[in-house]
Amino acid sequence: MKFSEFEVGMVIKHPPVVVTEGEMLGFAKSYDPQWFHVDAEGAKKGRWGGLIASGWLTCSLAMRMAVDSALAGSESFGSPGLERLRWLLPVRPGDALRLEATVDSVRTSSSRDDLGIMRWSWRVYNQRDEQVLDVEATSLFDLAAHAPE
């Protein structure tokens, strides 16, 4: 989507993506090797009663869904950061995660008319419609650049 297409209140959705145990283990072994993310047998005895995904994997999946459903082909060039990031429930092997993102604000920078700024709230749900992730993000758009299609 192009920056000009985003409107306050718009809800952008991405269909469910199934998280596999292999994907969870591979990510965790590389980036978040805590025992409850990498040791399936040990995790059964832990607080969560089984293997859970790294929250950073959940964030990465949400980012992929945001790109696929909204940012691909846009003038987006980055983000100054997040206002809110909360992992609400653990993600487990076989969970089907879907994204619902609401556009909270859209504006042009007060100091640069070639800079678009969008704040949006991402909510990720599992197959039981339980929210597992809550993020408020800001995306920046270069309005002077020609974005790839």
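The modelled label-to-label distance for the pair Ala145/Gln34, using points 7 Å beyond Cα in the direction of Cβ, is 3.4 nm. With a ≥ b ≥ c the root eigenvalues of the C-alpha gyration tensor of the range 62-103, is it rounded (a/c under 1.5), prolate (a/b larger than b/c) or oblate? Judged from the Cα gyration tensor, the range 62-103 comes out oblate (a/c at least 1.5, b/c at or above a/b). Efficiency by 1/(1 + (r/R0)^6): what FRET value for Val18 and Leu88, r their Cβ-Cβ distance, R0 = 22 Å, to the nearest 0.05? For R0 = 22 Å, the calculated efficiency reads 0.70. For the chain, the square roots of the Cα gyration tensor eigenvalues, ordered a ≥ b ≥ c, give a/c of at least 1.5 with a/b greater than b/c, which places it in the prolate category.
In percent, rounded to a whole number, the relative contact order of the range 10-149 is 28, using alpha-carbon pairs under 8 Å and six or more apart. For Met10, the residues whose modelled amide H falls within less than 5 Å of its own, excluding neighbours fewer than 5 places apart on the same chain, are Val103. On the basis of the beta-carbon distance and an R0 of 25 Å, Glu7 and Glu130 show a calculated FRET efficiency of 0.35.
Quick note: the coordinates plus some simple rules give every number you see, no bench work behind them. Because the structure is predicted, anything quoted here is derived from the model rather than measured. Glycine gets a Cβ as well: all are built from the backbone with ideal geometry, and neighbour counts include every protein chain shown.
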